[in-house]
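The values are calculated or read from the model by the stated rules, or taken from the named source; none is laboratory data. Since this is a predicted model, take the numbers as computed values, not measurements. Cβ: placed from backbone, ideal geometry, glycine included. Neighbour counts: every protein chain shown.
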Amino acid sequence: MYYGVDIGGTKIELAVFSPQLRLLDKWRIATQGDDYQSFLASLALQISEADRRWPAESGIPGTVGIALPGVIRADGTVVSSNVPCLNQRKVAEDLGALLSRPVALGNDCRCFALSEALLGAGKDHARVLGLILGTGLGGGICIEGRLITGAHCLAGEFGHQGMAASVLLRHGLPLYDCGCGLKGCAETYVSGTGLGRIYREFGGEGDTYAWLAALRAGDAIAKRSFDAYLDALGSVLAGQILSLDPDIFVFGGGLSEVPEILAALPQATARHMFNGVQLPEFCAAQFGAASGVRGAAMLGKALATRVEQSNSVSANEQVADMDTLLTGGWHEQQH
């Protein structure tokens, strides 16, 4: 069995998948985010529960892959996570020691992109850019079945690129503070939180849900906010096209479930491109909210396979080197 674990700021989801990546079971628990040892113990207990529910016929326990928000450095250290106790910790190494089995660790947005690129909406495309429009903005890049993490594990962190000055001037938007310490990061405008922020900036009241209800009721402030949001997100996507030229954008996160947004994005992006450019496809994730945990399970399976093939590689190196871990594609491991 393959276990995927998706860690969020308030909840943890654990899912069990068959060798064919069919979802067999899943459940959620509250995140123990204040104390690291309590967090590890809670997670280890859930893995043991998965072992109990799904005993392996071969005697080999399920593989473990974890998706979490934050940057994972080359040595496996987690930084910039919204789960406070995980920062500056080697989560995979420490949990692996508790479980006596290898644990793979990946950024949640990268796990989402991996799942959709190899098994989901992007499976028939060579260059897939997965984006999550949630409380923040992040993504992952898969090229020819390979997850690209970059030299310093920062590939896909485009939510922290600065928003285009032309967009801010056009809509009279200020530079918003970002949790990363910078000002004017793209995610402060085009995430779900950012959309609510723009709505309130223009005089609306409430959060993104209130904005959507107002938009569908024909409210002028909600429409103005929508136009500014689309302009901002179109600018971000145009930048990714000019840098990466993907075949397809695959969107996840809460805002990807708003049909008005997805339908308007091609035109909003085209406004930021020069004439005659062919745009990528735009589509929602095939696996929806379950895509990240599925990608985590895929990482766990890939790592376990590598451990079997080469005991000379340290567990820490295997955890950190996710792009080369998946070189050649998940598909090769299915045959």
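Residues checked against (1) free of Cβ contacts under 8 Å to residues at least 12 places away in the same chain; (2) in the same structural domain as residue 279 (by TED's automatic domain parsing); (3) closer than 18 Å to residue 297 by Cα:
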site: 103; (1), (2), (3): no, no, yes
site: 127; (1), (2), (3): no, yes, no
site: 132; (1), (2), (3): no, yes, no
site: 138; (1), (2), (3): no, yes, no
site: 147; (1), (2), (3): no, yes, yes
site: 153; (1), (2), (3): no, yes, no
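Quick check on segment 46-69: of everything there that is in contact with an Asp or Glu (Cβ under 9 Å, 6 or more places away or on another chain) and surrounded by fewer than 19 Cβ atoms within 10 Å (Cβ to Cβ), which residue is nearest to residue 303 (Cα to Cα)?
54
Kindly indicate whether any position in segment 31-39 is touching a helix residue (DSSP H, G or I) at 6+ places or on another chain (Cβ under 9 Å), of a type outside the set (D, E, K, R) and assigned to a strand (DSSP E or B).
Our first condition is that a residue be touching a helix residue (DSSP H, G or I) at 6+ places or on another chain (Cβ under 9 Å); within segment 31-39, this holds for 31-39.
From the residues that got through so far, the ones that are of a type outside the set (D, E, K, R) too are 31-33, 36-39.
Checking which are assigned to a strand (DSSP E or B) leaves us with none.
No, the conditions are met nowhere in segment 31-39.
When you look at residue 49, is it assigned to a helix (DSSP H, G or I) and assigned by TED's automatic domain parsing to the domain that holds residue 303, yes or no?
So residue 49 passes the test.
Within segment 311-319, identify whether any single residue is at pLDDT below 95, under 29 Å from residue 8 (Cβ atoms), buried (at least 23 other Cβ atoms within 10 Å of the Cβ) and of a type in the set (A, V, I, L, M), and answer yes or no.
yes
Across segment 243-260, what is the number of residues that are more than 19 Å from the chain's Cα centre (by Cα), in contact (Cβ under 8 Å) with a residue 24 or more places away in the chain and within 20 Å of residue 167 (Cβ to Cβ)? Full working, then the answer.
Step one: of segment 243-260, the residues more than 19 Å from the chain's Cα centre (by Cα) are 243, 245, 259-260.
Going one step further and asking which of them are in contact (Cβ under 8 Å) with a residue 24 or more places away in the chain, we end up with 245, 260.
Now drop any that are not within 20 Å of residue 167 (Cβ to Cβ), which leaves 260.
Adding up the residues that qualify gives 1.
Among the residues of segment 28-45, is there at least one that is crowded, with 17+ Cβ neighbours inside 10 Å, without any contact (Cβ under 8 Å) to a residue 60 or more places away in the chain and of a type in the set (Phe, Trp, Tyr)?
The answer is yes, given that some residue of segment 28-45 is crowded, with 17+ Cβ neighbours inside 10 Å, without any contact (Cβ under 8 Å) to a residue 60 or more places away in the chain and of a type in the set (Phe, Trp, Tyr).
Only one of 210, 214, 222 is closer than 18 Å to residue 135 by Cα, modelled with pLDDT of 95 or more, in contact with a helix residue (DSSP H, G or I) (Cβ under 8 Å, 6 or more places away or on another chain) and not β-branched (Val, Ile, Thr). Can you tell me which?
210
For segment 210-242, what are the residues that are surrounded by fewer than 16 Cβ atoms within 10 Å (Cβ to Cβ) and either outside any helix (DSSP H, G or I) or within 22 Å of the chain's Cα centre (by Cα) (or both)?
Those that are surrounded by fewer than 16 Cβ atoms within 10 Å (Cβ to Cβ) and either outside any helix (DSSP H, G or I) or within 22 Å of the chain's Cα centre (by Cα) (or both): 217, 218, 242.
Taking into account only those residues within segment 130-158 that are more than 11 Å from the chain's Cα centre (by Cα) and buried (at least 24 other Cβ atoms within 10 Å of the Cβ), which is nearest to residue 75 (Cα to Cα)?
149
Is there a residue in segment 269-283 that is surrounded by 15 or more Cβ atoms within 10 Å (Cβ to Cβ), among the aliphatic types (A, V, I, L, M), outside any loop (DSSP other than H, G, I, E, B) and modelled with pLDDT of 95 or more?
Within segment 269-283, one or more residues are surrounded by 15 or more Cβ atoms within 10 Å (Cβ to Cβ), among the aliphatic types (A, V, I, L, M), outside any loop (DSSP other than H, G, I, E, B) and modelled with pLDDT of 95 or more.
Among the residues of segment 3-24 satisfying the criterion of being outside any strand (DSSP E or B) and within 19 Å of the chain's Cα centre (by Cα), which is surrounded by the fewest Cβ atoms within 10 Å (Cβ to Cβ)? Walk me through how you get there before you give the answer.
Here is the first cut: in segment 3-24, the residues outside any strand (DSSP E or B) are 8-10, 18-22.
Among the residues that remain, those that are also within 19 Å of the chain's Cα centre (by Cα) are: 8-10, 21.
Values: 8: 19, 9: 13, 10: 10, 21: 18.
My answer is 10.
Return the residue satisfying two criteria in turn: it lies in segment 228-270 and is touching a strand residue (DSSP E or B) at 6+ places or on another chain (Cβ under 9 Å) and among the charged types (D, E, K, R), and of such residues it is nearest to residue 115 (Cα to Cα).
Filtering first and then ranking leaves 247.
For residue 166, which of the numbered conditions (1) outside any strand (DSSP E or B); (2) under 17 Å from the mean Cα position of the chain (by Cα) fails to hold?
(2) is the only condition that residue 166 fails.
Within segment 105-125, can you find the residues that are charged (D, E, K, R) and either touching a residue at least 24 places away in the same chain (Cβ under 8 Å) or over 16 Å from residue 294 (Cα atoms) (or both)?
The answer is 108, 110, 116, 124.
What about residue 71, is it within 25 Å of residue 289 (Cβ to Cβ), outside the structural domain of residue 144 (by TED's automatic domain parsing) and touching a Gly at 6+ places or on another chain (Cβ under 8 Å)?
On the way: within 25 Å of residue 289 (Cβ to Cβ): yes; outside the structural domain of residue 144 (by TED's automatic domain parsing): yes; touching a Gly at 6+ places or on another chain (Cβ under 8 Å): no.
Here the answer is no, as residue 71 does not meet what is asked.
I need every pair where a residue in segment 76-90 that is in a helix (DSSP H, G or I) has its Cβ under 7 Å from the Cβ of a residue that is among the hydroxyl-bearing types (Ser, Thr, Tyr), sequence separation at least 6 or different chains.
85/36
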